[in-house]
Amino acid sequence: MSRRFGEEGRQLSYGTYLKVPELLSLQQGLSQEHDELLFIVAHQAYELWFKVVLFELEAARDRIDAGDIFFARHHLHRVHVIEELLVEQIEVLETMSPQDFLAFRSKLAPASGFQSVQFREIEFLSGLKEPKYVARLEATPEELSRLTRRLEEPSVDDAFRSLIERRGAPSLLEIFRDRDRYGDLFDLCEGLLNHDETFAHWRARHVLMVERQIGSKTGTGGSSGAEYLRSTLGKRFYPELWEVRSQL
């Protein structure tokens with residue numbers, strides 16, 4: 001009798017492949033409060049998706065560098081869809097009432113979302129390189145090494161600029177005005193802008209969530225909380241792609 005696919009050896013299972021027991025052991029709270037589990041899982045899920053976003057942005061950068069715009073757009077589209085999911089996930093966190101969050105919030109200090117190394121890696125890799133954050137993060141030597149590497153290596157924006165130069169250095173305005181000639185570059189511009197816009201949506205949505213949860217209280221990491229977050233809303237990975245709209 002022939003064996004069906006997957007039956008040979010039976011050395012692997014769903015749980016062992018995904019390391020589910022290990023994964024489910026990582027939600028170690030600091031209190032007995034009901035909503036702390038939700039808080040931990042949501043933020044661990046963010047970090048897992050950040051890992052995929054970084055993987056896809058690296059692939060997009062390398063495809064752009066190779067002149068492969070079709071697959072660069074594919075990777076950027078996946079980044080965009082993941083980021084839409086990250087925006088929607090905020091609604092899950094907002095099922096916590098302020099009282100339920102405040103019941104365990106004091107135990108989180110001085111930890112803060114500001115310290116997310118992968119979040120800064122996404123900014124650096126996208127093209128928004130701000131070296132000041134490396135010194136301000138409380139990171140391990142390995143994490144600091146990663147951030148330093150992201151500052152030194154080419155970003156997605158660097159790859160995009162190099163591609164434009166190789167294509168005869170048309171200005172962004174030329175690309176937008178002559179889509180018959182530069183249609184693939186225009187599509188790439190829109191893919192980059194989708195990434196930029198959705199990340200900006202996440203920033204804005206995150207500010208509202210923080211204001212809903214803690215109002216104007218100081219952040220657990222010592223920042224001014226929502227006030228600081230509002231100051232980041234103008235950040236853009238590709239400001240020139242926004243500015244060109246005013247020139248059309």
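The values are calculated or read from the model by the stated rules, or taken from the named source; none is laboratory data. What you see is a predicted model, and the numbers here were worked out from it, not measured in a lab. Please note: Cβ atoms are built from the backbone with ideal geometry, for glycine as well, and neighbour counts cover all protein chains shown.
I need a count of the residues in segment 117-171 that are surrounded by 17 or more Cβ atoms within 10 Å (Cβ to Cβ), more than 15 Å from residue 237 (Cα to Cα) and either touching a Ser or Thr at 6+ places or on another chain (Cβ under 6 Å) or among the hydroxyl-bearing types (Ser, Thr, Tyr) (or both).
The total comes to 1.
Within segment 180-194, is even one residue assigned to a helix (DSSP H, G or I), surrounded by 14 or more Cβ atoms within 10 Å (Cβ to Cβ) and in contact with a His (Cβ under 8 Å, 6 or more places away or on another chain)?
Yes: segment 180-194 contains one or more residues that are assigned to a helix (DSSP H, G or I), surrounded by 14 or more Cβ atoms within 10 Å (Cβ to Cβ) and in contact with a His (Cβ under 8 Å, 6 or more places away or on another chain).
Being more than 23 Å from the chain's Cα centre (by Cα), small (Gly, Ala, Ser) and assigned to a helix (DSSP H, G or I), is that true of even one residue in segment 208-225?
no
When you look at residue 234, is it closer than 30 Å to residue 95 by Cα, in a loop (DSSP other than H, G, I, E, B), at pLDDT below 95 and touching a Pro at 6+ places or on another chain (Cβ under 8 Å), yes or no?
Working: closer than 30 Å to residue 95 by Cα: yes; in a loop (DSSP other than H, G, I, E, B): yes; at pLDDT below 95: yes; touching a Pro at 6+ places or on another chain (Cβ under 8 Å): no.
No, not satisfied.
Would you check which residues across segment 139-179 are assigned to a helix (DSSP H, G or I) and of a type in the set (A, V, I, L, M, F, W, C) and list them? Steps first, answer last, please.
Just the residues of segment 139-179 that are assigned to a helix (DSSP H, G or I), to begin with: 141-152, 156-166, 172-177, 179.
Those that are assigned to a helix (DSSP H, G or I) and of a type in the set (A, V, I, L, M, F, W, C): 144, 147, 151, 156, 159, 160, 163, 164, 172, 173, 175, 176.
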